[in-house]
Every structure is written in structure tokens, then in C-alpha cells.
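One structure below.
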Number of protein chains: 2
Amino acid sequence: MPEATVARLPLYLRALTTLAERGVATVSSEELAASAGVNSAKLRKDLSYLGSYGTRGVGYEVDFLRHQITREIGLTQDWAVVIVGIGNLGHALANYGGFASRGFRIAALVDADPTRLGEEVAGLNVRSADDLEQIVHDLGIAIGVVATPARAAQLVCDRLVAAGVTSILNFAPAIVQVPEGVDLRKVDLSTELQILAYHEQRKNGAALALTAEQAAELAEAVNG
Amino acid sequence: MPEATVARLPLYLRALTTLAERGVATVSSEELAASAGVNSAKLRKDLSYLGSYGTRGVGYEVDFLRHQITREIGLTQDWAVVIVGIGNLGHALANYGGFASRGFRIAALVDADPTRLGEEVAGLNVRSADDLEQIVHDLGIAIGVVATPARAAQLVCDRLVAAGVTSILNFAPAIVQVPEGVDLRKVDLSTELQILAYHEQRKNGAALALTAEQAAELAEAVNG
DNA sequence: GCAACTTTGTGCACACGTTCACAAGCGTCT
DNA sequence: AGACGCTTGTGAACGTGTGCACAAAGTTGC
Ligand SMILES: NC(=O)c1ccc[n+]([C@@H]2O[C@H](COP(=O)([O-])OP(=O)(O)OC[C@H]3O[C@@H](n4cnc5c(N)ncnc54)[C@H](O)[C@@H]3O)[C@@H](O)[C@H]2O)c1
Ligand SMILES: NC(=O)c1ccc[n+]([C@@H]2O[C@H](COP(=O)([O-])OP(=O)(O)OC[C@H]3O[C@@H](n4cnc5c(N)ncnc54)[C@H](O)[C@@H]3O)[C@@H](O)[C@H]2O)c1
């Protein structure tokens, strides 16, 4: 299955859940594509990788399709997650209720700062980074979230991998290397803002260019 | 300039900043690519869109290249940002120090909840969503960050756009429509985790398949 | 049972992004 | 000055992703 398709399945799942909550039983590729904000041909091609679950002339059965995507992504089971680094962001993530409803259970919180140990956040005690291996093993954790400062990110990832974690979501603005077989994704908020800034600048640049053109016209009008 | 290149420029900028702090004056595409975690040919092609700023046989001058990328992204000026929705995530974002050093200034915090109004977060008072247009206008805000619940996201974006914001970073898990000319990017943490879960499941599936194969071998050994 | 209509699933062409490979250019050393 | 070694910048091949357009396949109505 193409990586681009995998990245869109959660989107479809969310759209289907919304439709199901509204009591919609059947949906066409056109409607579902609109809800998910994608092209309908792309949606159909994506879904075709799961199998032929639609009915020509009718569309897709919402609940059935939802179940199929859930199974394909692997959300029939709950995934235990450990968050490392319980600062600003770690707190927000720990307190976020939206993960549980999407198949993820925050199973442990870990920090290196001794003054944070034992602190209760979202019903969990913050535990020591020294116990990481034990925690990952005992709770069957496969997914780690890194919310430490950038300089600690590589070390934390190394320790997560050593403890047996094979999927990592990194929030720290650092390039980290992981061995083959470990999946690493990163969320980089500053980068997102910088991409917006680039386009924003070009918009303003275009406006300035327009002004320059207008100025030229004006000059011509004065001279002519 | 290709969108994929724009998305990598912040990465290069960060790597260059790290090198500059270490006192490195010149860097080859090979070294810089390694620091940024990309292919060196890709790096050179990306940089070639900025102009021919390298020296054959030598490499790139760190400070000069840093300045060129900064200018290209539009980070020579500081961008004023408004955060809408000062809950878990909004607090974390407001308190995050990493934005200021990367060209962004959190200029205003806005929430709809009357009990939050006037609360001081990161040295700013939380202001009413009703004043959005005024705030955006007075502070010259071009970029908005949405950290409200999903159901409010479309409304908030509409109001931001109406107020004159032309770039939005959305954290709410919702599909929002914006008019032509407005840039919208989204950060979706649940989706990131679900993508990891998909690959994680396949790893386990492969492991199970191996086990099945081993079981077959075992059976054969017993029968043979 | 058949015609008309609707919608899926997919072949195909095109656009975009990545990577290899190498000529061109710069600095250095003799 | 000229040969040599290193690194950039880029042409070209390849791979991935997108979207059109339509045949195939189902439903509905008569
Ligand atoms: N807060 C945000 O909104 C935000 C936005 C973008 C990026 N980030 C990034 O996310 C990361 C966390 O940000 P934050 O604002 O929560 O920072 P923070 O300083 O508030 O929290 C970091 C936490 O990590 C802990 N820590 C440090 N080293 C550790 C280690 N080796 N093992 C375990 N824990 C360790 C610290 O004790 C602290 O509690 C940073 O890399 C930051 O750049 C944060
Ligand atoms: N907290 C996280 O770590 C996290 C992770 C992933 C996604 N998200 C998403 O980010 C968003 C915010 O999450 P949160 O945990 O901070 O939620 P939250 O409920 O803690 O905060 C939401 C805030 O938005 C305000 N709000 C509601 N409607 C508003 C409106 N119309 N105008 C202005 N403000 C309004 C509320 O008063 C509240 O203060 C949600 O959509 C959530 O799904 C959060």
C-alpha cells in the first residue's frame, strides 16, 4: 500500500466516524471525498487497496468501511504509548482526551528531572527515565512520544529503541537517527510556521510588485 | 520553487544554525546533508533554487547561506502570531520559547470561554474572540494558530480570514475550508500516531508470519 | 426483463519529486 | 603554469503520486 494512501486512511476514518454519528448508513465516494477534503478518484483508488468494499450504483456502507479501515490501520487493538519529557508539551499531550478515542492509551509518563518524579499528571505518576526499559517491557509499549528538549532527543530515542520501542513520534526540533526497523516520524511546529511565512512573504512580495507596477503606470501617466 | 524544497529549507536553516554555533565556517553539501538527514544531491538541487551560492571544490559558507535561506523564507522580519483557543495545547504553545528565536512572536491569545478572559499566560492577557478583528488589525497579524476543539475550527478560521489573516496553522482534527489566497496547514497528532500504528501492525504481522513459517518447519520436523 | 441511471474500480497520461552520475569550476601544490 | 583533487550544479532516468475518463457492474422503475 502506497505511503500516501496510508497517510490518508486516518482522514477517511475520521470522516466516516462523523458520518456514522450523524446516522448516515451509506456514502458515495463523491460525498466521502468532500468530507475528507480530497479528490474522489483518489479516494476510490485509496479504498481499492483495501479491497472492493463498495457497491456500484450505491456507494460504501459507512460502518463496514469504518471497520475495514480500523482493521487495516491496526486500531482494533489499543496501543500503549509512553511520553518522555513532561514539560509544557508533555503535559498537554498527557491531558489530551482525543488519543484514547482513537486507539491510543497513554500508559506511562517519563521525565529526567528529579523534581518532577512522582508528580501526578492525567492520573499517572511521572516516572524516572532510568526505569524506561522496565516500563516499556512491563506495559508492552511499542510507541514512544518524545517531548524533551532537542539536545536530549537522540539520547532518549536511543534509550527507547534499546528498551524495545519500534515506533517514535518526535516533537523535538532535532535530527535523530534510528536503526533499520524502527519507524520515526516528527512533528515540527516551527517548520510549519516557517513554511507559512515563506508563502506569506511571497503574497506580500506580489503585492509590492503590483505596487511597483502601479507606480510605473503612475509615472507614465505623469510623464505622458 | 518546489513545495518540497520550501518544506526542507527550515531544516537546512536549523542545521546551519547548529554548525554556526559550533564555529564552523564552511560546509560541504555532503556534511550539511548529513546534518539535515537528507540526500546530498537533493540538498544541492534545493540550494540551487536560491542561486549559485556554493564554491566548487570548497562548499558553502555557513553564515552566508544561513542569511540567504533566512531571507528566502522571509524570516528577516518577525511575524506576529495569534493563538486562538487557550486550552491544554494553547497554553503549551504560548509558553513555548522556541518560536521567538525562529522569527515568530506570539502577539495575542484569544479564547471564547468568558472564564478564561483576562487570564495571564506567558505575559499576555487572554482576550475575547469578539475582539479578533480589532486585534488582528492593530497588531498587524498575518498568521493564526487554531487550537480550539474541532467543532469550532471552521468558525474560528472563517473569523480569522474575515479579520485579515492569510495563513493558518490548524491543530484541530477537522477539515476546514478557506478561500483562495489563504494558506492552511494542519498538524494532526492522532493521524501521526495512526500511521505509526499501521507500520507497527505490519511489523507484528511479519513477525507472526515468521512464526507461522517456523511452526510449519516445526511440524515438518515432527512429521519427517 | 429491459432500459435508464448511478457509482465503483482502474487503465492511462501527466506532474512532481528523487537520485545517479558527471562535466564544469575552484583551490592547492609542485 | 599546469596537473591534480575536490565539490558544486544539473541533465537525465527513474519512481511515486494524482486525476481524468470510462468500462463494468450494480440499482431502480416500468
Ligand atoms: N511547547 C510547545 O508548544 C512546543 C512547540 C514546538 C516544539 N516543541 C518542542 O517540544 C519539546 C518539548 O517542549 P516543552 O515546551 O515541553 O519543553 P520543556 O522544557 O517544558 O519540557 C521538557 C521536559 O523534558 C524533560 N527532559 C529533559 N531531558 C530529558 C531526558 N533526557 N529524559 C527525559 N526527560 C527529559 C525536562 O525535565 C522537561 O520536563 C522541545 O524540544 C520543544 O522544542 C514544543
Ligand atoms: N492537547 C493536545 O495535546 C492535543 C493533541 C492533538 C490534538 N489536539 C487538538 O487541539 C485542539 C485543542 O486541544 P486542547 O487539548 O487544548 O483542548 P481544550 O479543550 O483544552 O482547549 C480548547 C480551548 O478552545 C477554546 N474555544 C472553544 N471554542 C472556541 C471558539 N469558538 N473561539 C475561541 N476559543 C474557543 C476553549 O474555551 C478552550 O479554552 C483540539 O482540537 C484537539 O483535538 C490537542
Residues being of a type outside the set (A, V, I, L, M, F, W, C) and within 16 Å of DNA strand C (Cβ to nearest atom): count how many of those fall in the range A:55-114.
11
Exclusive hit being open to solvent by less than 60 Å² (accessible area, probe 1.4 Å), within 14 Å of chain A (Cβ to nearest Cβ) and within 16 Å of DNA strand C (Cβ to nearest atom), set B:D183, B:D188
B:D183
I want to confirm something. Restricting to the range B:113-124 and keeping residues that are within 25 Å of the chain's Cα centre (by Cα) and assigned to a strand (DSSP E or B), which single residue is nearest to B:A162 (Cα to Cα)?
B:L124
Residues in the range B:68-107 that are facing chain A (nearest Cβ under 8 Å) and in contact with a Lys or Arg (Cβ under 9 Å, 6 or more places away or on another chain) total 6
Taking the conditions exactly as written (under 18 Å from A:A92 (Cβ atoms) and either within 14 Å of chain A (Cβ to nearest Cβ) or part of a loop (DSSP other than H, G, I, E, B) (or both)), does B:V136 satisfy them or not?
no
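Tally the residues that are within 30 Å of A:G98 (Cβ to Cβ) and open to solvent by 50 Å² or more (accessible area, probe 1.4 Å), restricting the search to the range B:52-105. Spell out how you get there, then give the answer.
Narrowing the range B:52-105 to residues within 30 Å of A:G98 (Cβ to Cβ): B:79-105.
If we keep only those that are open to solvent by 50 Å² or more (accessible area, probe 1.4 Å) as well, we get B:88, B:95-97, B:100-102, B:105.
Residues flagged as within 30 Å of A:G98 (Cβ to Cβ) and open to solvent by 50 Å² or more (accessible area, probe 1.4 Å) within the range B:52-105 amount to 8.
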Only one of (1) open to solvent by 30 Å² or more (accessible area, probe 1.4 Å); (2) more than 16 Å from ligand 2 (Cβ to nearest atom); (3) within 13 Å of chain B (Cβ to nearest Cβ); (4) touching a residue at least 12 places away in the same chain (Cβ under 8 Å) does not apply to A:A34, and that is (4)
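Per-residue answers, yes or no, for (1) within 21 Å of B:L75 (Cβ to Cβ); (2) surrounded by fewer than 16 Cβ atoms within 10 Å (Cβ to Cβ); (3) assigned by TED's automatic domain parsing to the domain that holds B:G85:
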position: B:L109; (1), (2), (3): no, no, yes
position: B:L117; (1), (2), (3): no, no, yes
position: B:R127; (1), (2), (3): no, no, yes
position: B:I135; (1), (2), (3): no, no, yes
position: B:A142; (1), (2), (3): yes, no, yes
position: B:P149; (1), (2), (3): no, yes, yes
position: B:I168; (1), (2), (3): yes, no, yes
position: B:A172; (1), (2), (3): no, no, yes
position: B:P179; (1), (2), (3): no, yes, yes
Single residue of the range B:9-31 satisfying the filter (open to solvent by 50 Å² or more (accessible area, probe 1.4 Å) and not in a loop (DSSP other than H, G, I, E, B)) that is nearest to the other protein chains (Cβ to nearest Cβ):
B:T18
Any chance A:R44 is in contact with a helix residue (DSSP H, G or I) (Cβ under 7 Å, 6 or more places away or on another chain), of a type outside the set (S, T, N, Q), more than 9 Å from every other protein chain (Cβ to nearest Cβ) and surrounded by fewer than 20 Cβ atoms within 10 Å (Cβ to Cβ)
yes
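Criterion first (within 16 Å of DNA strand C (Cβ to nearest atom), part of a loop (DSSP other than H, G, I, E, B), aliphatic (A, V, I, L, M) and within 14 Å of chain A (Cβ to nearest Cβ)) does B:L50 satisfy it? Even if it seems obvious, please write down each step before you answer.
Details: within 16 Å of DNA strand C (Cβ to nearest atom): yes; part of a loop (DSSP other than H, G, I, E, B): yes; aliphatic (A, V, I, L, M): yes; within 14 Å of chain A (Cβ to nearest Cβ): yes.
For B:L50, the condition - within 16 Å of DNA strand C (Cβ to nearest atom), part of a loop (DSSP other than H, G, I, E, B), aliphatic (A, V, I, L, M) and within 14 Å of chain A (Cβ to nearest Cβ) - is met.
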Report the residue count in the range B:53-108 for those that are assigned to a helix (DSSP H, G or I), of a type outside the set (S, T, N, Q) and modelled with pLDDT under 95.
2
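Looking at B:L169, B:L160, which one is of a type outside the set (D, E, K, R) and part of a strand (DSSP E or B)? I'd like the intermediate steps shown before the answer.
Numbers: B:L160 fails: part of a strand (DSSP E or B).
The unique qualifying residue is B:L169.
The values are calculated or read from the model by the stated rules, or taken from the named source; none is laboratory data. Note that the coordinates shown come from a computational prediction; the quantities given were computed from them, not determined experimentally. Please note: Cβ atoms are built from the backbone with ideal geometry, for glycine as well, and neighbour counts cover all protein chains shown. When the accessible area is computed, the model is the full protein with side chains, heavy atoms only, and any ligands, DNA or RNA have been set aside. Shrake-Rupley method; radii C 1.70, N 1.55, O 1.52, S 1.80 Å.
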